[in-house]
1. Select from region 2-56 the residues that are under 19 Å from THR88 (Cα atoms), at pLDDT below 95 and in a loop (DSSP other than H, G, I, E, B) and list them in ascending order.
2. Is it fair to say LEU110 is touching a residue at least 60 places away in the same chain (Cβ under 8 Å) and among the hydrophobic types (A, V, I, L, M, F, W, C)?
3. Please state which one of HIS189, HIS176 is more than 13 Å from the chain's Cα centre (by Cα) and exposed (fewer than 13 other Cβ atoms within 10 Å of the Cβ).
4. Without any contact (Cβ under 8 Å) to a residue 12 or more places away in the chain and either outside any loop (DSSP other than H, G, I, E, B) or farther than 27 Å from VAL179 by Cα (or both), is that true of ARG60?
5. Can you pull out the residues in region 35-62 that are surrounded by 17 or more Cβ atoms within 10 Å (Cβ to Cβ) and within 16 Å of the ligand (Cβ to nearest atom)?
6. Scan region 53-79 for residues that are of a type in the set (D, E, K, R) and in contact with a strand residue (DSSP E or B) (Cβ under 7 Å, 6 or more places away or on another chain) and report the count.
7. Please verify whether LEU87 is surrounded by 12 or more Cβ atoms within 10 Å (Cβ to Cβ), among the hydrophobic types (A, V, I, L, M, F, W, C) and touching a helix residue (DSSP H, G or I) at 6+ places or on another chain (Cβ under 8 Å), treating the condition exactly as stated.
8. Quick one: what pairs do we get from region 1-21, first residue farther than 13 Å from VAL63 by Cβ, second among the small types (Gly, Ala, Ser), C-beta under 8 Å, 6+ apart or different chains?
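The values are calculated or read from the model by the stated rules, or taken from the named source; none is laboratory data. Owing to the predicted nature of the structure, the values given are computational and were not obtained by experimental measurement. Quick reminder, even Gly has a Cβ in these numbers, built from the backbone with ideal geometry, and neighbours come from all protein chains shown.
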Amino acid sequence: MIVGNKVRFRALEDDDQPLLVAWLNDPEISRLVGGFSFPASVSAQREWFARAKSDSKNQRWMVESLEGEPLGLTGLWQIDWQNRHALTALKLGAPSARGKGYGTDAIMTLMAYAFFQVGLNRLWGEILPYNLGSYKAYVERCGWRVEGVSRQHIYREGQFHDQLRVAVLKEDFLAHPEVARYTPKAPEHTISVLPEHRVTWPGEGAP
Ligand SMILES: CC(C)(COP(=O)(O)OP(=O)(O)OC[C@H]1O[C@@H](n2cnc3c(N)ncnc32)[C@H](O)[C@@H]1OP(=O)(O)O)[C@@H](O)C(=O)NCCC(=O)NCCS
């Protein structure tokens, strides 16, 4: 479980698949996100889920309220363990969950987890130029930067649209005014090891 201030993330379960399919098939969400899929079925989704469980480079989590209500989906995709970066995205499935600060908290929580627990240094993402909610949450609220524009990268509703390439570095996150609310707390106690409990290595302590 990954816990933020307004939301938490948990592993996906078999029982979540119908809800994920409903979000995948929602035309309003499809319009706002860059990925494309043909209409999805629950059975195909379950097959995908069985394969995806053991994928160490792509991890998806259910975003839920602190009371356990499912709100959306986030994760780390294309994790590059050598260069320590990953793609991320967020979709809050229920329209009633949007505009209440859950998205901002989910992005901050995701950054804290990626930078302080997984050990990543950079996260990147993609935003359609008419997705004002996403731009405000990632860029204006959470300190992401626009690094470029992929021209006519996405075809939606009969038109090509540019796509903003956005990213954040660990150092950007550390400079965020709200970072202290997401930083892991220092341990309250550290152990004092007595000399008699230590291994003495040959030559150690010799003048
Ligand atoms: C985009 C999204 C993640 C933002 O999360 P959220 O919880 O709705 O956003 P927050 O409540 O944290 O608000 C962040 C800011 O965005 C604004 N905002 C949120 N949704 C908005 C919308 N549809 N239109 C305009 N502004 C919006 C909020 O008013 C707030 O602005 P402020 O800083 O000026 O007060 C969420 O709305 C969502 O999942 N939307 C559908 C799918 C999607 O677009 N995913 C992102 C793909 S890249």
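1. VAL33, GLY34, GLY35, PHE36, SER37, LYS53, SER54, ASP55, SER56
2. On the way: touching a residue at least 60 places away in the same chain (Cβ under 8 Å): yes; among the hydrophobic types (A, V, I, L, M, F, W, C): yes.
Yes; evaluated as a whole, the condition is true for this residue.
3. Criteria check complete, one pass: HIS189.
4. Details: without any contact (Cβ under 8 Å) to a residue 12 or more places away in the chain: no; either outside any loop (DSSP other than H, G, I, E, B) or farther than 27 Å from VAL179 by Cα (or both): yes.
Here the answer is no, as ARG60 does not meet what is asked.
5. Within region 35-62, ARG60, TRP61, MET62 qualify.
6. Restricting attention to region 53-79, the residues satisfying the condition of being of a type in the set (D, E, K, R) are 53, 55, 57, 60, 64, 67, 69.
Next cut, in contact with a strand residue (DSSP E or B) (Cβ under 7 Å, 6 or more places away or on another chain) only: 57, 60, 64.
Residues flagged as of a type in the set (D, E, K, R) and in contact with a strand residue (DSSP E or B) (Cβ under 7 Å, 6 or more places away or on another chain) within region 53-79 amount to 3.
7. Details: surrounded by 12 or more Cβ atoms within 10 Å (Cβ to Cβ): yes; among the hydrophobic types (A, V, I, L, M, F, W, C): yes; touching a helix residue (DSSP H, G or I) at 6+ places or on another chain (Cβ under 8 Å): no.
Criteria not met by LEU87.
8. Matching pairs, first to second residue: VAL21/ALA40; VAL21/SER41.
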